[in-house]
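Inspection log for the structure reproduced underneath, given as structure tokens.
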Amino acid sequence: MSVVIEAKQLTSVRAGRTLFSTLSLQLGAGEILHVEGPNGAGKSTLLRIIAGLLQPLEGEVWLFGEPQHRDPELWQRQTLFIGHKPAVKAELTALENLHFQTQLDGATDVDAWQLLETVGLLGLEDIPAQQLSAGQQRRIALARLWYSQAKLWILDEPFTALDTYGIELLHQRFQQHLENGGSLILTSHQPLTWSGERLQKIRIEHNDEELTDE
Amino acid sequence: MNKASSWQLMTTVMRRDLAVALRRRSDIINPLLFVVIVVTLFPLAVGPGPDILGRIATGVIWVAALLSSLLGSERLFRDDFLDGNLEQLVLSPAPLPLLALGKVAVHWLLSGLPLVILAPVCALLLKLPFEAWGTLMLTLLVGTPMLSAMTAVGAALTVSLGRGGALLSLLLLPLFIPLLIFAAAAVESTLVGTSAYGQVLLLAGLMLLTLMLAPLAVAAAIRVSVN
């Protein structure tokens, strides 16, 4: 199986505290990695390093066998990062948000209306996002997953504020993505309803250097 | 994925910023009202004699413009920072300095350009001799893009600080001094009947230099801020 992403000996220190040291991981096509750990342990930091937003103190991240700095463009086109801030413009409506987002992602052939229907926001398209609930805003943010061609999705707490139906919908989408040979890294405090050997787990603990890799 | 060119990405970012700004019109209008009010305060404070007002007019208008450019400049990247869009800009395939230039351009369209258009009103209120109006507008036209670009650098540097407003003003105002000197000198030249060509060209040169370098600084500052 081809290796999609590989982190080698990552060490990260934030505000004088070692979040993790010599952390290594490997994820192949069609695999899902669940990063677990208590609040503030460094899960988001790890995801941001993998997404290329943060530089680790030591170590490297490789995508398709290329180090991050060698081909930033490949990186930006093949990864999709959605952080816990939804990147939704509060002043714009759901439809406008999706319209601009698809263009920013270069997916100009995507029908924003179709997308609204998929994520269950039809009928709310002309309400400014700030008047929508947190879960509905998250749906706008997550709509990117339904047209993204990126091989690697990096999602920080994607289930936050979603209702059970939304979570179910997201799981279905994850399944499709993995079946198409995509990979997925996510953090979540909710137990994943995932079965099968495709799931890897990594746990980051508070006590500085302790790391267990299952 | 259809590859959108960097240029298309920049214009999309600009259109989105414009759409957001048009939903918050008060943010555009308030700094302009501020300028008009500051300018109207001066005749009340120093007396309506045309000789005094006419002489201080350029200085007053320009200082009011500098201060108004600081109003709300915090917001230039703050919302993007808070809602996560700044992260997404960093991750965008388009070069970050180009996107930064786009944001500077939108900022200028909404703050600098209206100021240029408003300048004759201010000039009238301060009894600036008519022959100098053109030069005043010209200095504003070449000077305000510089204001937007430099404000963007400051805003990007302070975006993650929470309340960076006062710090931002302290950082930026000293940098505006050359702008103020040459703009005032240009209008002064016109008033004494010589050509303001030299000063305006110098301002234009400074503007081009700032527009070239500021996006790089903004991009670097954004990368630090999302870190």
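Below, the figures for the structure above:
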quantity	calculated
Wholly enclosed strands (runs of 3 or more DSSP E) of the stretch A:1-51 bearing at least 3 residues of a type outside the set (Ser, Thr, Tyr) and more than 15 Å from the chain's Cα centre (by Cα)	A:3-14, A:17-28
Matching entry among B:44, B:9, B:33 (being modelled with pLDDT of 90 or more, over 17 Å from residue B:117 (Cα atoms) and away from every other protein chain (no Cβ under 12 Å))	B:44
Extreme residue, farthest from the other protein chains (Cβ to nearest Cβ), among residues of the stretch A:125-154 that are in contact with a helix residue (DSSP H, G or I) (Cβ under 6 Å, 6 or more places away or on another chain) and without any contact (Cβ under 8 Å) to a residue 40 or more places away in the chain	A:125
Test for residue B:64: is it in contact (Cβ under 8 Å) with a residue 24 or more places away in the chain and closer than 16 Å to residue B:188 by Cβ	no
When residues of the stretch A:106-146 are limited to those that are of a type in the set (Val, Ile, Thr) and in a helix (DSSP H, G or I), the one nearest to residue B:88 (Cα to Cα)	A:140
Entirely in the stretch B:71-143, the helices (runs of 4 or more DSSP H) that have 3 or more residues that are within 14 Å of chain A (Cβ to nearest Cβ)	B:75-83, B:85-91, B:96-107
Scope the stretch A:52-69; condition in contact with a Ser or Thr (Cβ under 8 Å, 6 or more places away or on another chain) and assigned to a strand (DSSP E or B); matching residues	A:58, A:59, A:63
Residue check for residue A:63: in contact (Cβ under 8 Å) with a residue 24 or more places away in the chain, buried (at least 18 other Cβ atoms within 10 Å of the Cβ) and within 14 Å of another protein chain (Cβ to nearest Cβ)	yes
Residues of the stretch A:177-196 satisfying the condition of being assigned to a helix (DSSP H, G or I) and surrounded by 12 or more Cβ atoms within 10 Å (Cβ to Cβ)	A:177, A:178
Some residue of the stretch B:13-28 being in contact (Cβ under 8 Å) with a residue 40 or more places away in the chain and away from chain A (no Cβ under 14 Å)	no
Count of residues meeting criterion [more than 12 Å from every other protein chain (Cβ to nearest Cβ) and without any contact (Cβ under 8 Å) to a residue 40 or more places away in the chain] in the stretch A:85-117	7
Matching entry among B:180, B:157 (being of a type outside the set (S, T, N, Q) and closer than 19 Å to residue B:98 by Cα)	B:157
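The values are calculated or read from the model by the stated rules, or taken from the named source; none is laboratory data. All of these numbers come straight from a predicted model, not from anything done at the bench. We place every Cβ from the backbone using ideal geometry, glycine too, and count neighbours over all the protein chains shown.
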